[in-house]
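This report concerns only the one structure given below.
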Amino acid sequence: MTDLTELGIAAIRDGVRAGTFSAVEVAEAFNANIAAAKALNAFLVETPEHALAAARAADAARAAGEELKPLAGVSIGMKDLFCTAGVATTAASHILEGFTPTYESTVSQNLWDAGAGMLGKLNMDQFAMGSSNETSAFGNVISPWRRKDGGNAPLAPGGSSGGSSAAVAARLCPGATGTDTGGSIRQPAAFTGISGIKPTYGRCSRWGTIAFASSLDQAGPMARDVRDCAIMLEAMAGFDAKDSTSLKLDVPRWEAGLSPSMAGKRVGIPKEYRVDGMPAEIEALWQRGIAWLKDAGAEIVDVSLPHTKYALPAYYIIAPAEASSNLARYDGVRYGLRDLPQGAGLQDMYAATRADGFGSEVKRRIMIGTYVLSAGFYDAYYTQAQKVRTLIARDFQAAFETCDVLLTPTAPSAAFALGEKSADPIAMYLNDVFTVPSSLAGLPAMSVPGGLDEAGLPLGLQIIGKPLDEQGVLNAGLAIEERAGFTARAGRWW
Ligand code: GLN
């Protein structure tokens, strides 16, 4: 029998429906792969029974001749930023240790309602702050990929959804949820040779998702290919009255709308994304992407996004500002950790809990955020950054008058080694240079694999779309996917 963990979401769904294999067999196969992959540290909590229960329900529904749900038989991984009822949820932070939500996030509930089951909670950068998974309080995830001849240096799976990217790339699950505040779906997807899409801000409910920067946070799927992303996003998205920024719109049938033809479409190439010191390999990747989309029938146009260079600094003011406010709720009273030194008062408890519970990157962001929001500096930093954000959104608006989608590299490099950038926050933040502008503008954006670098590591191409045009993004992604023929995968060493 074929190894069921080699199958993606569409193939599993169709196979279960056709009776080629059972949903329970699928769940068991992924559970076994997870049990054998502890070395990757991708899962913080394993929930084999959750996956099996959903699988049994799918098999029973089929046996009873009932219509199967859209994700019946599909087991997935859940980023640990999503609250899951009765299952420990920590956002990979010590401060949430011991927290077991009594409620389910809307996105995870939507997935269960669609028939999916959960294999476990995935490791991540603490509170989704980071680009390498090294800020997790529970040890970093190790990418399944290794450099061809660079020794065995363990590589970063990207961040913050690095447990998700590593798990999909290592065949521990056919798809996983991610969240993207400034690139955390797209960059880890690029680092591990998989696909991931961040939808338009407001498509996926934020309710029950632990907040990092509320005006930027969006959930999205990470999976083997574009079709699987479309299937999973359809299940995750949708209006939710419990999130005030949720968009009151029907969920389009993205899978049914998939088409790799770019005939009549214009693809914009933003000249400002050709940053100083960009490796030649990234430029070559970009050129290949341009040629593929041309081959698919697109017209290529040059566009300008003049405020691009201010996006990263603006993001690293706005995101910490919102984080400093969102994280104020972790005080030792309501959730998780409580450090109550002998004879201590309330203020001492706050201080002790936070000092012990938050990791250093989280503390850095809280301090930056508090500073830029403080009375004397609010206008100089926060208000300025918000103005820049508006200008960036306007840049995109203007560009989309002459093109339908934009094509850029996803990240300025392939995966780096663990430890390589962790001592230098600025070097780490530079990873987000291509992903942050579309986050600030709330636009849908996706990464698809575009090939390998000289060391044999995956590189990703990013497609950015107009507001609500996930279909255009997915279709351009499919056009690239069909031409890139990306079949490389990590050799199994774990
Ligand atoms: N790497 C970025 C940051 O550290 C993005 C994180 C994210 O999208 N969650 O803020």
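When residues in segment 193-252 are screened for being within 30 Å of R147 (Cα to Cα) and without any contact (Cβ under 8 Å) to a residue 60 or more places away in the chain, 2 of them pass.
Does G450 satisfy the condition of being under 18 Å from R253 (Cβ atoms) and either touching a helix residue (DSSP H, G or I) at 6+ places or on another chain (Cβ under 6 Å) or more than 16 Å from the ligand (Cβ to nearest atom) (or both)? Show your work before the answer.
Working: under 18 Å from R253 (Cβ atoms): no; either touching a helix residue (DSSP H, G or I) at 6+ places or on another chain (Cβ under 6 Å) or more than 16 Å from the ligand (Cβ to nearest atom) (or both): yes.
No: the conditions fail for G450.
No other residue among I300, I317 is modelled with pLDDT of 95 or more, in contact with a strand residue (DSSP E or B) (Cβ under 6 Å, 6 or more places away or on another chain) and either under 30 Å from A398 (Cα atoms) or part of a helix (DSSP H, G or I) (or both) apart from I300. Of all residues in segment 26-78, those being out of contact with any strand residue (DSSP E or B) (no Cβ under 8 Å at 6 or more places or on another chain) and closer than 28 Å to W494 by Cα number 12. The set of residues in segment 30-42 that are under 11 Å from L119 (Cα atoms), among the hydrophobic types (A, V, I, L, M, F, W, C) and in contact with a helix residue (DSSP H, G or I) (Cβ under 7 Å, 6 or more places away or on another chain) contains only F30.
Mind checking which residues of segment 129-158 are among the small types (G, A, S), out of contact with any Lys or Arg (no Cβ under 7 Å at 6 or more places or on another chain) and within 14 Å of the ligand (Cβ to nearest atom)? Steps first, please.
Within segment 129-158, the first condition is being among the small types (G, A, S), and the residues that meet it are 130-132, 136-137, 139, 143, 150-151, 153, 156, 158.
Going one step further and asking which of them are out of contact with any Lys or Arg (no Cβ under 7 Å at 6 or more places or on another chain), we end up with 130-131, 136-137, 139, 143, 150-151, 156, 158.
Of everything in segment 129-158, those that are among the small types (G, A, S), out of contact with any Lys or Arg (no Cβ under 7 Å at 6 or more places or on another chain) and within 14 Å of the ligand (Cβ to nearest atom) turn out to be G130, S131, S136, A156, G158.
Table: residues versus (1) of a type in the set (D, E, K, R); (2) more than 16 Å from the ligand (Cβ to nearest atom); (3) in contact with a Cys (Cβ under 6 Å, 6 or more places away or on another chain); (4) part of a loop (DSSP other than H, G, I, E, B).
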{"site": "T200", "(1), (2), (3), (4)": "no, no, no, yes"}
{"site": "A219", "(1), (2), (3), (4)": "no, no, yes, no"}
{"site": "M222", "(1), (2), (3), (4)": "no, no, no, no"}
{"site": "E234", "(1), (2), (3), (4)": "yes, yes, no, no"}
{"site": "G238", "(1), (2), (3), (4)": "no, yes, no, yes"}
{"site": "K242", "(1), (2), (3), (4)": "yes, yes, no, yes"}
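Considering A51, A60, A10, A29, the condition of being outside any loop (DSSP other than H, G, I, E, B), under 21 Å from M222 (Cα atoms) and without any contact (Cβ under 8 Å) to a residue 40 or more places away in the chain is satisfied by A29 alone. Being away from the ligand (no atom under 16 Å from the Cβ) and not β-branched (V, I, T) is a property that holds for A169.
Out of the residues in segment 168-212 that are of a type in the set (S, T, Y) and buried (at least 24 other Cβ atoms within 10 Å of the Cβ), state the one that is nearest to A490 (Cα to Cα).
Filtering segment 168-212 for residues of a type in the set (S, T, Y) gives 177, 179, 181, 184, 192, 195, 200-201, 205, 209.
Checking the rest, the ones that are also buried (at least 24 other Cβ atoms within 10 Å of the Cβ) come to 177, 179, 181, 184, 192, 195, 205, 209.
On the way: T177: 21, T179: 23, T181: 27, S184: 21, T192: 8, S195: 15, S205: 33, T209: 31 Å.
Here the answer is T192.
Within segment 351-378, restricting attention to residues that are crowded, with 17+ Cβ neighbours inside 10 Å and assigned to a loop (DSSP other than H, G, I, E, B), the residue that is nearest to the ligand (Cβ to nearest atom) is G359.
When you scan segment 106-119, do you find a residue that is part of a strand (DSSP E or B) and closer than 18 Å to G196 by Cβ, even just one? Working first, answer last.
Taking segment 106-119 as the starting set, the residues that turn out to be part of a strand (DSSP E or B) are 117-119.
Still in the list and also closer than 18 Å to G196 by Cβ: 119.
Yes, there is a match, as at least one residue in segment 106-119 is part of a strand (DSSP E or B) and closer than 18 Å to G196 by Cβ.
Collect the residues in segment 99-141 that are crowded, with 24+ Cβ neighbours inside 10 Å and among the small types (G, A, S), keeping them in residue-number order. It would help to see each step written out before you state the result.
In the first step, residues of segment 99-141 are kept if they are crowded, with 24+ Cβ neighbours inside 10 Å; the result is 105-108, 111, 116-133, 135-136, 140-141.
Once the filter is applied, which keeps residues that are crowded, with 24+ Cβ neighbours inside 10 Å and among the small types (G, A, S), segment 99-141 yields S105, S108, A116, G117, G120, A128, G130, S131, S132, S136.
Looking at this structure, is A399 more than 21 Å from the chain's Cα centre (by Cα), within 16 Å of the ligand (Cβ to nearest atom) and farther than 25 Å from I231 by Cβ?
Values: more than 21 Å from the chain's Cα centre (by Cα): yes; within 16 Å of the ligand (Cβ to nearest atom): no; farther than 25 Å from I231 by Cβ: yes.
Taking the combined requirement at face value, the residue does not satisfy it.
Looking at this structure, is A230 among the hydrophobic types (A, V, I, L, M, F, W, C), in contact with a Lys or Arg (Cβ under 8 Å, 6 or more places away or on another chain) and closer than 18 Å to Q471 by Cα? In short, no.
Every residue, every condition in (1) at pLDDT 95 or above; (2) closer than 30 Å to A455 by Cα; (3) not hydrophobic (A, V, I, L, M, F, W, C), yes or no:
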| residue | (1), (2), (3) |
| --- | --- |
| A235 | yes, no, no |
| T245 | yes, no, yes |
| K248 | yes, no, yes |
| W254 | yes, no, no |
| K265 | yes, no, yes |
| R274 | no, yes, yes |
| A280 | no, yes, no |
| W286 | yes, yes, no |
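The values are calculated or read from the model by the stated rules, or taken from the named source; none is laboratory data. These numbers come from a predicted model, not from an experiment. FYI the Cβ positions are ideal-geometry reconstructions off the backbone, even for glycines, and counts take in every protein chain you see.
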